[in-house]
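Below is one structure, written out as structure tokens, with a few remarks after it.
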Amino acid sequence: MTALRLLAVAACAALFSSCSSSIDMPKGNSNGYTSARIVKRAPGSPAITNSREKRVHNLIQSNIRAQFKARGMGFDSPNADLVVGYMVVYQDNAMTTSFDDYFGYGRENDKILSEAHKKGVIEGNRPDYFERAGLIVDVIDTKTNKLIYRNVSVGDLVNGASDVQRKEVVAAAVNEALSPFFK
């Protein structure tokens, strides 16, 4: 999947929010937690070699980190209270795919992808060709391994975005998906 597909995670749309009846969408908050970290990728995962893709993942992760640090929480501790996972979903008129190496395991990855495809492609009613991306952010309590928060940001792709635009789009997507966790 190219970075252009990843960089468009922007304004919230109804695609995934309509999934809430069949996909677990807990809306817990940060009260009582003091630290977090990003989910660890599987050791055998192939390296991300595309430089734009690397930049986009770095942007997503640095924005997640900034959200927690801005609220006075520690980040990147191996013994963190919370683990944050994210999945990037890409979709056009014909197909839906995802990058879930940083999402972790056992939290409906395939079900989310299937539901996104059903809502956006099969039942979608956009008459013109489109490309969009979604960012799904999960927050898991490390003591209970329970999913306490899930939210989504979805938007159309910004093709040919500059580095500045890419930073803004990714920051907006992470903020939209994660900021309700801190309320």
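The values are calculated or read from the model by the stated rules, or taken from the named source; none is laboratory data. No experiment lies behind these values; they were computed from the predicted model shown. Glycine also receives a Cβ, built like all others from the backbone with ideal geometry; neighbour counts cover every protein chain displayed. Calculation scope for accessible area: heavy atoms of the full protein, side chains included, ligands and nucleic acids excluded. Shrake-Rupley method; radii C 1.70, N 1.55, O 1.52, S 1.80 Å.
Below are the figures for this structure:
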| quantity | calculated |
| --- | --- |
| Cβ charges +1 (Lys, Arg) and -1 (Asp, Glu), total dipole of the chain, debye | 500 debye |
| Surface share of carbon and sulfur [accessible, 1.4 angstrom probe, percent] for the stretch 61-165 | 46 percent |
| Rg followed by Dmax, in Å, when the stretch 41-183 is reduced to its Cα trace | 15.6, 49 |
| Partner aspartates and glutamates for residue 143 [C-alpha distance under 12 Å; skip if fewer than 8 residues away on the same chain] | 81 |
| Helix axis angle, 163-178 relative to the chain longest principal axis, alpha carbon, degrees | 60 degrees |
| Sequence-distant aspartates and glutamates (8 or more away, or on other chains) whose Cα lies within less than 15 Å of residue 54 | 100, 101, 163 |
| Positive dipole terminus of the chain, leading residue within 161, 175, 90 (C-beta point charges) | 175 |
| Semi-axis lengths (Å, descending) of the ellipsoid that matches the C-alpha gyration tensor of the stretch 44-111 | 24, 15, 13 |
| Rg ratio (alpha-carbon, reference 2.2 N^0.38 Å) - the stretch 132-178 | 1.42 |
| Accessible solvent surface per residue of the stretch 78-183, calculated while the other protein chains remain in place, 1.4 angstrom probe, Å² | 45 Å² |
| Cross-link partners of residue 119 among lysines (Cα-Cα below 25 Å; sequence separation of 8 or more within a chain) | 27, 111 |
| Residue 41 versus residue 128: modelled label distance in nm, points set 7 Å from Cα along the beta carbon direction | 3.5 nm |
